[in-house]
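Structure first, then comments.
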Amino acid sequence: MFTHSQTLQYKSTPEAPDAVYARKLQEVIGGQYGEITVAMQYSFQAWNAHIPGKYRDLLFGTAAEEFGHIEMLATMVAQLLEKAPLGITEDAVQSDPAVAAVIGGTDLQHAIVAGAGARPVDSMGNPWSGSYVTASGNLLADMSSNVNAEMQGRLQVARLYHMTDDKGIRDMLSFLLARDTMHQNQWMAAVKELQADGLEQMPVPSNFPQAKEATEFSYDYYNFSDGATAAEGSWASGPTPDGNGEFGYKDEPMAGVPMPPPTHPDARFYGTTEVSNRVEKAAGALQDKLNRE
């Protein structure tokens with residue numbers, strides 16, 4: 001059950017309207033690493049969790065917080081658009097506010113579609129997509145993904161911070177930056193705790209018998225680039241993080257094996273092959289006559 005409290009987690013009031021910046025904020029609402037993504041990601045991870053207790057509660061709690069961040073940002077966008085001018089002042093374009101808005105860098109759909117409000121889209125107007133969500137049912141894989149989501153999101157908020165001098169906007173962004181700091185740390189702590197609790201280990205999935213993989217290829221770094229310094233990294237020698245092997249380094253990729261010959265699908269796929277068109281056409285007609293699907 002969801003309930004809604006008509007309060008914001010933190011104040012969200014700009015000093016002045018700014019339709020151009022409202023469009024920029026859309027990235028951290030509906031972009032790949034925006035607040036809609038993390039709110040839905042943590043929700044689906046919780047719904048897909050197979051064990052009760054602290055990890056599921058952590059997911060539910062953080063998901064609810066992220067929905068609150070969407071609300072803060074949407075509220076900010078609405079205020080940025082509330083008294084924003086429709087056009088710019090030059091006579092050459094002021095007579096056509098739509099043209100003026102494009103030139104000014106504003107989002108026309110903020111006005112035309114949303115009536116001076118936020119939308120579930122990124123800064124380029126691309127709709128938010130459920131394909132951004134990672135929720136596999138494996139908590140170590142999912143929470144590792146959450147670390148990346150929070151890192152990418154904090155990067156974008158930090159960049160947005162330097163794109164305005166509005167003190168009200170910066171105040172809200174400073175709060176979001178702080179919460180992203182917490183979330184990065186909490187997911188990293190959860191990743192370590194999952195392993196310490198013996199619930200999941202590397203490599204994920206740890207329950208798959210590693211003997212069934214070609215283990216002779218499991219821990220060697222193959223240099224597929226003409227760069228020479230990859231060998232200097234800890235991934236080229238020494239024990240592996242999963243504790244199951246030792247890293248090795250190969251100067252060159254494997255020799256490889258010959259490619260199989262080109263395929264020859266059913267003639268009714270109408271692909272071009274070295275077989276003459278007349279023969280392909282006859283083959284397709286015969287297959288139809290024989291009712292071969």
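The values are calculated or read from the model by the stated rules, or taken from the named source; none is laboratory data. Note that the structure is a prediction, hence the values are computed from the model and not measured. Ideal geometry is used to build each Cβ from the backbone, glycine not excepted, and the neighbour counts take in all protein chains shown. Side chains are part of the model used for accessible areas, which takes the heavy atoms of the whole protein and leaves out ligands, DNA and RNA. Shrake-Rupley method; radii C 1.70, N 1.55, O 1.52, S 1.80 Å.
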Checked segment 144-161 for anything surrounded by 17 or more Cβ atoms within 10 Å (Cβ to Cβ), of a type in the set (A, V, I, L, M) and free of Cβ contacts under 8 Å to residues at least 60 places away in the same chain; matches are VAL147
Enumerate the pairs (first residue in segment 47-71 and farther than 17 Å from VAL133 by Cα; second residue anywhere and open to solvent by 50 Å² or more (accessible area, probe 1.4 Å)) with beta-carbon separation below 6 Å, excluding pairs fewer than 6 apart on the same chain, so at least 6 apart or on different chains.
-> GLY68/GLN9
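Could you please let me know if LEU177 is modelled with pLDDT of 95 or more, open to solvent by 80 Å² or more (accessible area, probe 1.4 Å) and touching a Phe, Trp or Tyr at 6+ places or on another chain (Cβ under 9 Å)? If you could, list the steps in order and put the result at the bottom.
On the way: modelled with pLDDT of 95 or more: yes; open to solvent by 80 Å² or more (accessible area, probe 1.4 Å): no; touching a Phe, Trp or Tyr at 6+ places or on another chain (Cβ under 9 Å): yes.
Criteria not met by LEU177.
Out of all the residues in segment 227-241, which are part of a loop (DSSP other than H, G, I, E, B) and either surrounded by 13 or more Cβ atoms within 10 Å (Cβ to Cβ) or modelled with pLDDT of 95 or more (or both)?
Quick first cut of segment 227-241, residues part of a loop (DSSP other than H, G, I, E, B) only: 227-229, 233-237, 240-241.
Residues satisfying the conditions are THR229, GLY233, SER234, TRP235, ALA236, SER237, THR240, PRO241.
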Hey, among the residues in segment 240-293 that are within 35 Å of the chain's Cα centre (by Cα) and among the acidic types (Asp, Glu), which one's farthest from ALA228 (Cα to Cα)?
-> ASP242
Is it fair to say THR164 is at pLDDT 95 or above, assigned to a loop (DSSP other than H, G, I, E, B), open to solvent by 30 Å² or more (accessible area, probe 1.4 Å) and β-branched (Val, Ile, Thr)?
-> no
Would you please list the contacts, defined by Cβ atoms under 8 Å and residues six or more apart or on different chains, that run from a residue in segment 258-274 that is within 28 Å of ASN291 (Cβ to Cβ) and of a type in the set (A, V, I, L, M, F, W, C) to a residue that is surrounded by 12 or more Cβ atoms within 10 Å (Cβ to Cβ) and at pLDDT below 90?
-> ALA267/GLU280; ALA267/LYS281; ALA267/ALA283; ALA267/GLY284; ALA267/GLN287
For THR7, indicate whether it is free of Cβ contacts under 8 Å to residues at least 60 places away in the same chain, closer than 20 Å to ARG179 by Cα and surrounded by fewer than 19 Cβ atoms within 10 Å (Cβ to Cβ).
-> yes
State all residues of segment 190-202 that are surrounded by fewer than 13 Cβ atoms within 10 Å (Cβ to Cβ) and assigned to a helix (DSSP H, G or I); if no residue qualifies, say none.
-> LYS192, ALA196
Over segment 42-67, the set of residues surrounded by 18 or more Cβ atoms within 10 Å (Cβ to Cβ), under 22 Å from LEU8 (Cβ atoms) and not hydrophobic (A, V, I, L, M, F, W, C) is TYR42, SER43, THR62, GLU66
Scan segment 197-213 and give yes if some residue there is more than 24 Å from SER144 (Cα to Cα) and free of Cβ contacts under 8 Å to residues at least 60 places away in the same chain, otherwise no.
-> yes
Residue tally, condition open to solvent by 60 Å² or more (accessible area, probe 1.4 Å) and assigned to a helix (DSSP H, G or I), over segment 269-281 | 5
When segment 1-15 is checked residue by residue, the ones that are among the hydrophobic types (A, V, I, L, M, F, W, C) and modelled with pLDDT of 95 or more are LEU8
Residue hits (segment 204-216; open to solvent by 80 Å² or more (accessible area, probe 1.4 Å) and under 26 Å from VAL191 (Cα atoms)) are ASN207, PHE208, ALA211, LYS212
Here is a list of conditions, (1) assigned to a loop (DSSP other than H, G, I, E, B); (2) of a type in the set (A, V, I, L, M); (3) crowded, with 21+ Cβ neighbours inside 10 Å, and MET1 meets all of them except one; can you say which number that is?
-> (3)
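Of all the residues that make up segment 242-268, how many are loosely packed, with under 11 Cβ neighbours inside 10 Å and more than 30 Å from TYR219 (Cβ to Cβ)? Before you say what the answer is, go through the steps one by one.
First, the residues of segment 242-268 that are loosely packed, with under 11 Cβ neighbours inside 10 Å: 243, 246, 251-263, 265.
Those left that are additionally more than 30 Å from TYR219 (Cβ to Cβ): 261-263, 265.
Count: 4.
Can you say whether ARG23 is under 23 Å from LEU173 (Cβ atoms), at pLDDT 95 or above and of a type in the set (D, E, K, R), as far as the supplied structure shows? Walk me through how you get there before you give the answer.
Numbers: under 23 Å from LEU173 (Cβ atoms): yes; at pLDDT 95 or above: yes; of a type in the set (D, E, K, R): yes.
So ARG23 fits the description; yes.
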